[in-house]
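Single-structure report; data block below.
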Amino acid sequence: MNHSRRCKEVTFVRSLQRTAAAAQGGLASRALIVSRREMLAGGIGAGALIALPDLSTPGARPAASAGSGSRYVLLYGTPESRPFPGGSVAAALSPVTNSRTLPAPKSVAAKLAAAPVSSPDQSSVALITVDKVPAGAKVTLTLVDSTSAVVEKQGSLTITGIPDGTNILPTPVFAPGTATIAVVLAITEPGDKRLVSKKNPHTGAPAPMHAVTWTSHHALAYFDSRSGGFAGPFHLGNAPALALTTAAANGSDLFLWTTEEPRPHHPGKGRPRPAPLPWVSAFPLGSGRARVSVPSPAPWPGGEPAVTLATADVARLVNGRTMQVSSALTGDVTQVTIGALNVIRAKPSAVTMQSRPDGTVFITKPGIGRAVIADPAEEFRVRAELRFPVPAVPLGAPASKAVLSPSGGTLYVLGGAKAGGLSAYDVATGALTASYSHGTTYSGLYQLPSGTLLAVSAANPRLAFFSPALSLLGTADTSLQISAVF
């Protein structure tokens, strides 16, 4: 948790390699050689001589509008080198842009308190910072346009009456179809500071140590993306609670899963208490008073996928196989296990879920080599199931290991552990339609609005750009260990 709140500052140095493009059918013949002076003017810090290929694929039609051609790619993660005082997001021009000069990376925000969150339509990204001020802690939300990387709106609120050393973990939640962005604040305060005696592990002698008891509760705030104003914070008074939550919103309510902090059991004092169940509460947007609160089945919340369905109900995918649906009216929870995903293996997996325009949901579970399209209107009946070799890195950042094309006809996925690279499958038949492997194992995969595929690896060249047909367009170096791409 501390790591996610203290990401180092991002820097992105684009250096597209002509040799990689030359291996893919003559793209080098259209490359524009960039001088060292141009490269240094367009990058951050020193670097080697590079070539900038024209990455436009002849005859390619973008999957979505790229505006005037200045579409930006937003990168979030942890840098490998100093000096960078805190977490941030930086932007660089999309690789399909035709430009004579190497575009300069664009710093968007610094010292982020949590991972950015993209809007349901992918048009905006919400960034949050938390700063200590004399009155307490200032929480600032910055809304960035995904296409231009320009700040659209920014607003702040101050949380007062908290002791020094308080930790605040914010989570922004877009309410689809509205101008409201809810912000869930996990506020962890230090208390009961005392000296305790503990044995030195090396000498066995007792030594005094400072001990602190930490207590968490939650607060809600609401950001208006039209005015840039905040409402709140509304403290929920649910201490002691676990700091981690799960949240989603529809057009009228914020749904929030929280859990009471388990009480310690002392041997010899009766039976252990049962583990507390999570509760899911629905808060009308703009309010700190729950409309309904009902128990929710285990497990405890903490980062599992949750989406808003076409019915306005909210679905939470738990254990990588069971869908828990909270009613938009009553909050009552029903659940169904998706058989195709009900495979338990020792190797953990980064499970992702997203809503699709036709009302279905797309779920990937790379640890078992499966992706499904399920229909919530038919109790999550699986409309399409695809199987693929388990990738070498099914867990960890970036969480995106497979993507569905905008048309829904093609699944792009990281190649298997042995081959690496990327693979493409026909959704209708499940057949492998294309693959690319050159010995590189990637850890994440995204499809940009232009249709270009972006694969992320752990070592430089860290970024590799591919056409929808899986032809390598070029690569880029960056000092950033990437956690997400927007």
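The values are calculated or read from the model by the stated rules, or taken from the named source; none is laboratory data. Given the structure is predicted, the values throughout are model-derived calculations rather than measurements. Note: ideal-geometry Cβ built from the backbone for every residue, glycine included; neighbour counts use all protein chains shown.
Count of the range 234-249 residues, restricted to those that are touching a Leu at 6+ places or on another chain (Cβ under 9 Å) and either aliphatic (A, V, I, L, M) or crowded, with 21+ Cβ neighbours inside 10 Å (or both), is 8.
Is it the case that some residue within the range 305-318 is out of contact with any helix residue (DSSP H, G or I) (no Cβ under 9 Å at 6 or more places or on another chain) and surrounded by fewer than 15 Cβ atoms within 10 Å (Cβ to Cβ)? Scanning the range 305-318 turns up no residue that is out of contact with any helix residue (DSSP H, G or I) (no Cβ under 9 Å at 6 or more places or on another chain) and surrounded by fewer than 15 Cβ atoms within 10 Å (Cβ to Cβ). When restricted to residues that are touching a residue at least 40 places away in the same chain (Cβ under 8 Å) and in contact with a strand residue (DSSP E or B) (Cβ under 7 Å, 6 or more places away or on another chain), the range 343-363 contains 10.
This table checks each residue for (1) crowded, with 19+ Cβ neighbours inside 10 Å; (2) within 19 Å of the chain's Cα centre (by Cα).
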| site | (1), (2) |
| --- | --- |
| ALA109 | yes, yes |
| SER123 | no, yes |
| ALA126 | yes, yes |
| LYS132 | no, no |
| ALA137 | yes, no |
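LEU473 fulfils the conditions (1) assigned to a loop (DSSP other than H, G, I, E, B); (2) in contact with a helix residue (DSSP H, G or I) (Cβ under 9 Å, 6 or more places away or on another chain); (3) of a type outside the set (Gly, Ala, Ser) except for a single criterion, (1). Of the residues making up the range 285-319, those that are over 13 Å from SER252 (Cβ atoms) and part of a strand (DSSP E or B) are SER293, VAL294, PRO295, ALA306, VAL307, ALA315, ARG316, LEU317, VAL318. Taken over the range 320-361, the criterion of being assigned to a strand (DSSP E or B) and either within 17 Å of VAL403 (Cα to Cα) or touching a Pro at 6+ places or on another chain (Cβ under 9 Å) (or both) is satisfied by THR322, MET323, GLN324, VAL325, VAL333, GLN335, THR352, MET353, GLN354, SER355, VAL361. Every condition in (1) touching a Pro at 6+ places or on another chain (Cβ under 7 Å); (2) under 23 Å from LEU317 (Cα atoms); (3) among the β-branched types (Val, Ile, Thr) is met by THR452 except one, and the failing one is (2).
Checked against (1) closer than 17 Å to ASP224 by Cα; (2) within 19 Å of the chain's Cα centre (by Cα); (3) in a loop (DSSP other than H, G, I, E, B); (4) not basic (Lys, Arg), THR147 passes all but condition (1).
Would you confirm whether any residue within the range 199-207 is out of contact with any Phe, Trp or Tyr (no Cβ under 6 Å at 6 or more places or on another chain) and within 27 Å of VAL325 (Cβ to Cβ)? Within the range 199-207, not a single residue is out of contact with any Phe, Trp or Tyr (no Cβ under 6 Å at 6 or more places or on another chain) and within 27 Å of VAL325 (Cβ to Cβ). Determine if the range 439-456 includes at least one residue that is outside any loop (DSSP other than H, G, I, E, B) and within 17 Å of ARG356 (Cα to Cα). Looking for residues that are outside any loop (DSSP other than H, G, I, E, B) and within 17 Å of ARG356 (Cα to Cα), one finds at least one in the range 439-456, hence yes. A search for C-beta distances below 9 Å between a residue of the range 267-279 that is on the phi < 0 side of the Ramachandran plot and of a type in the set (A, V, I, L, M, F, W, C) and any residue that is assigned to a loop (DSSP other than H, G, I, E, B) and at pLDDT below 90, counting only pairs 6+ apart in sequence or on different chains, returns ALA275/PRO262.
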